[in-house]
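The values are calculated or read from the model by the stated rules, or taken from the named source; none is laboratory data. Note that the structure is predicted; figures quoted are calculated from it, not measured. Cβ atoms come from the backbone with ideal geometry, glycine included; neighbour counts cover every protein chain shown. The area values use the complete protein model at the heavy-atom level, side chains included, leaving out ligands, DNA and RNA. Shrake-Rupley method; radii C 1.70, N 1.55, O 1.52, S 1.80 Å.
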Amino acid sequence: ESYNGTSWTAGNVIPAALRSLNNSGAGTQAAGFYVGGYGPPGGARNTTQEWDGSSWSATNNFPITSYHIGSMGTQTAAVSCTGEKQTAPARSAVSAEYDGSSWTAGNSVNTGRYGVGSAGTQTAGLIFAGNVPAPPTLGTTEEYDGTSWSTTSVTVYPANYSGGAGIQTAAIKMGGESTPNQAVAETYNGSSWTSITAMPAGKNGAMPAGGSDAGLASGGY
């Protein structure tokens, strides 16, 4: 479905029923993509699908089969990283860049995890929070400069499956998994996180879009 600022319009269906795509895509309403996901048969996927504003088309596969991947950038210049695998170790540190048709392996993130929030571009990206072996949630933030990852500050509220949107110096984190699910939100200014007004309802896995001053979180659990 596409959103015009007021209402939703149904589009062509994606090729396979999937879940776990909350931060696994990037781009615009007329030129987007998603990578990975989880669904029958077989569970985790490594497929990449591009959206042209009306239909989906398959391109080259992501380097690993996983879901709960974090992505940022555009359809022709993106970076995707981390993810949950069905083989040990379950939490991936893989990072790869996408040029609109194929993937190129890059440097690994510093902390392997899945269910991250993400924001930014291929040369100024951001991931935050997520799931690691112990403790089960974390708030660690990492920035990407187009080559390598650097660890910066910690989110106010550690969580899994938070929505993320915006740019590296003005990002927003929305909700997240906890008991009960988080309604909290916070913004990132390129160095630290600050709490802002909470969402109306707690949720995780919301599909994020926009930026820190005009964002959107649709769906969720």
### Task
Identify, from the list 165, 206, the residue that is modelled with pLDDT under 95, buried (at least 21 other Cβ atoms within 10 Å of the Cβ) and out of contact with any Lys or Arg (no Cβ under 7 Å at 6 or more places or on another chain).
206
## Note on the structure
From the option list 185, 129, single residue qualifying as open to solvent by less than 50 Å² (accessible area, probe 1.4 Å), under 19 Å from residue 94 (Cα atoms) and either small (Gly, Ala, Ser) or in a strand (DSSP E or B) (or both) is 129
### Query
Can you name every residue in the stretch 116-171 that is more than 21 Å from residue 77 (Cα to Cα) and among the hydrophobic types (A, V, I, L, M, F, W, C)?
129, 132, 134, 138, 154, 156, 159
### Message
I need the full set of residues from the stretch 209-218 which are surrounded by fewer than 20 Cβ atoms within 10 Å (Cβ to Cβ) and part of a strand (DSSP E or B), in order please.
### Response
209, 210, 215, 216, 218
### Query
Is there a residue being open to solvent by 50 Å² or more (accessible area, probe 1.4 Å), farther than 20 Å from residue 20 by Cα and assigned to a loop (DSSP other than H, G, I, E, B) anywhere in the stretch 174-182?
no
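Given the criterion surrounded by fewer than 20 Cβ atoms within 10 Å (Cβ to Cβ), modelled with pLDDT of 95 or more and assigned to a strand (DSSP E or B), identify the matching residue among 147, 152, 141, 123. Don't jump to the end; show me each part of the working.
On the way: 147 fails: assigned to a strand (DSSP E or B); 141 fails: surrounded by fewer than 20 Cβ atoms within 10 Å (Cβ to Cβ); 123 fails: assigned to a strand (DSSP E or B).
The conditions single out 152.
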### Message
Could you go through the stretch 110-119 and let me know if any residue there is hydrophobic (A, V, I, L, M, F, W, C) and within 16 Å of the chain's Cα centre (by Cα).
### Response
yes
### Task
Could you give me the residue pairs with C-beta distances under 6 Å whose first residue belongs to the stretch 110-133 and is of a type in the set (Lys, Arg), whose second residue is surrounded by 24 or more Cβ atoms within 10 Å (Cβ to Cβ) wherever it lies, and which are 6+ apart or on separate chains?
113/82; 113/130
### Query
Which numbered condition trips up residue 194, out of (1) without any contact (Cβ under 8 Å) to a residue 60 or more places away in the chain; (2) crowded, with 16+ Cβ neighbours inside 10 Å; (3) not acidic (Asp, Glu)?
(2)
